[in-house]
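Undergrad: After the structure tokens below, expect a handful of questions from me.
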Amino acid sequence: MTTATAFTQHEVAIIYLARMVEEDKSYWTPGGGRPGFALSLAQKLHAPNVMRMTEEGCISAQPYFPIEPFMYMGGARSNYRGVLWTSMNQICYYNTLGLVDYAILMVLEVDPYGNFNSSMIGGDYYHPQRRFGGAGGANEMASLAWRTLLVTDQDRRKFVKKCNFITSPGYLDGSPNARERAGMPAGTGPYRVVNSEAIFGYDEKTHYMKLLAISSWTTVAEVLSKMDFEPLIAEKVETLKPPTEEELTILRTEMDPEGRVVGAGEWILLE
């Protein structure tokens, strides 16, 4: 594998996520964006037998790239060779049975305990400065999937002490058994937060966010400067390997040659 020296922030986040995907596990993702691309990249590279579930209800699809704009949800190519096409409600029912190992979710804001907002920014819920798509199936997935992987950018506006609005639950207030008291299954909850600069986990006892790893082109101090709160820090913060040319070639030539998803974000240039 050849280490790449030029890539976008979205490419990095997709690749970090893809490397975390485990073979023979079930994953729920939105139709497109970084979560869906990461799962497809993993299927092409090392995990061909993962079971993917999408919010519109398709199971075990093998997306046929490239996919036309705005056709990631419900399109023929995005759900190519799916073994079953049900509904969002049906997928959520499967989740209540414990059949979803991982959910990969995009977030606008995330707080220290993994509660996150995907609904609105500024003002109040009824009079926001900007309203977004909301939960979709994210609340059910964050509540019931065994592990949740959250995706956002490294930014003080994203890593906040308190969300403008909690769309989906993490570890709530972080107290022991908080999720269980709220009716959620034991052993579920946020697992990782991933972006182009760092990967975070959660302390097993306090459920407070913990910095686990950083990209080779940044520092712990730089990552912390882009947060509205200070996370716990692992005794040994790992350094993540940069993307490879092989990974980028698949993203750029097979999956998204027009760069609508992978081309987003700032470019990162390594010396």
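Undergrad: Looking only at the stretch 214-267, count every residue that is in contact with an Asp or Glu (Cβ under 7 Å, 6 or more places away or on another chain), farther than 23 Å from ARG77 by Cβ, touching a residue at least 40 places away in the same chain (Cβ under 8 Å) and not in a strand (DSSP E or B) and tell me the total.
TA: Qualifying residue count, the stretch 214-267: 3.
Undergrad: Within the stretch 197-213, track down each residue that is part of a loop (DSSP other than H, G, I, E, B), in contact (Cβ under 8 Å) with a residue 12 or more places away in the chain and more than 18 Å from GLU11 (Cβ to Cβ). Quick ask: steps written out before the conclusion?
TA: Initial filter on the stretch 197-213 (part of a loop (DSSP other than H, G, I, E, B)): 197, 203-208.
Now drop any that are not in contact (Cβ under 8 Å) with a residue 12 or more places away in the chain, which leaves 197, 203, 206-208.
Matches in the stretch 197-213: ASP203, THR206, HIS207, TYR208.
Undergrad: Let me ask something else about it. One residue is enough: does the stretch 74-91 have a residue meeting the conditions in a strand (DSSP E or B) and surrounded by 14 or more Cβ atoms within 10 Å (Cβ to Cβ)?
TA: Yes: one or more hits.
Undergrad: Okay, moving on. Answer yes or no as to whether VAL237 is modelled with pLDDT of 95 or more and more than 24 Å from ALA142 (Cβ to Cβ).
TA: Values: modelled with pLDDT of 95 or more: yes; more than 24 Å from ALA142 (Cβ to Cβ): yes.
The answer is yes for VAL237.
Undergrad: Then there is this: So which residues in the stretch 163-182 are in contact (Cβ under 8 Å) with a residue 40 or more places away in the chain, assigned to a loop (DSSP other than H, G, I, E, B) and more than 10 Å from TYR113 (Cα to Cα), if there are any at all?
TA: CYS163, ASN164, PHE165, ILE166, THR167 - these are the residues of the stretch 163-182 that are in contact (Cβ under 8 Å) with a residue 40 or more places away in the chain, assigned to a loop (DSSP other than H, G, I, E, B) and more than 10 Å from TYR113 (Cα to Cα).
Undergrad: Under the condition of being under 24 Å from ALA264 (Cβ atoms) and in contact with a strand residue (DSSP E or B) (Cβ under 6 Å, 6 or more places away or on another chain), which residue from the stretch 229-243 is surrounded by the fewest Cβ atoms within 10 Å (Cβ to Cβ)?
TA: Out of the qualifying residues, it is PRO242.
The values are calculated or read from the model by the stated rules, or taken from the named source; none is laboratory data. Keep in mind the model is a prediction, meaning the values are calculated, not measured. For neighbour counting, all protein chains shown are included, and Cβ atoms are generated from backbone atoms with ideal geometry for every residue, glycine included.
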